[in-house]
Amino acid sequence: MDNELQARLRAQLEAELERLEAEVAEIEREGHEALSEASGENNYRDHMADQGSATFERELDMTLDENVREALAVVRKALARIDAGTYGTCERCSQTISDSRLEAMPTANLCITCKAAEEGR
Ligand SMILES: [Zn+2]
């Protein structure tokens, strides 16, 4: 991979990292608000239905939270691979991952063959 492409992909990954970190911060802020609202509702027994939906929303938030954290970890790993000089190399078979695959998916850590094999399992 040429340096120019790697620099471009690194910039993309860094922008994505920033976006995801902002999203995690936002989810955490909303999570705290939802929690304090829900505990406030515990004082009113006739608001059980509302309480139920608050719990449901909280569970949705947690799923979203996990997805974002997972995406964040994947982006961090890709940046670490750039720093380590192993970026663009398949982690399973050590083949070079094609530039076009990396351009489409800068976080790719497997070549298309290994990825297909993994998904086929
Ligand atoms: Zn491979």
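The values are calculated or read from the model by the stated rules, or taken from the named source; none is laboratory data. Keep in mind it's a predicted model, so treat the numbers as computed, not measured. Cβ: placed from backbone, ideal geometry, glycine included. Neighbour counts: every protein chain shown. Please note that ligands, DNA and RNA were not included when accessible areas were found on the heavy atoms of the full protein model with its side chains. Shrake-Rupley method; radii C 1.70, N 1.55, O 1.52, S 1.80 Å.
Kindly indicate the residue of segment 58-98 that is in contact (Cβ under 8 Å) with a residue 60 or more places away in the chain and not hydroxyl-bearing (Ser, Thr, Tyr) and also nearest to Leu35 (Cα to Cα) among those meeting that condition. Steps first, please.
We begin by selecting, within segment 58-98, every residue in contact (Cβ under 8 Å) with a residue 60 or more places away in the chain; these are 75, 78-79, 82, 87-88, 96.
With not hydroxyl-bearing (Ser, Thr, Tyr) added as a condition, the list becomes 75, 78-79, 82, 88.
Numbers: Val75: 29, Ala78: 34, Leu79: 34, Ile82: 39, Gly88: 42 Å.
Among residues in segment 58-98 that are in contact (Cβ under 8 Å) with a residue 60 or more places away in the chain and not hydroxyl-bearing (Ser, Thr, Tyr), the one nearest to Leu35 (Cα to Cα) is Val75.
Considering only segment 63-115, state which residues are open to solvent by 40 Å² or more (accessible area, probe 1.4 Å), away from the ligand (no atom under 16 Å from the Cβ) and not in a helix (DSSP H, G or I). Matches in segment 63-115: Gly85 only.
Given the criteria at pLDDT below 90, out of contact with any Cys (no Cβ under 9 Å at 6 or more places or on another chain) and closer than 30 Å to Arg8 by Cβ, does Glu66 qualify? Yes, satisfied.
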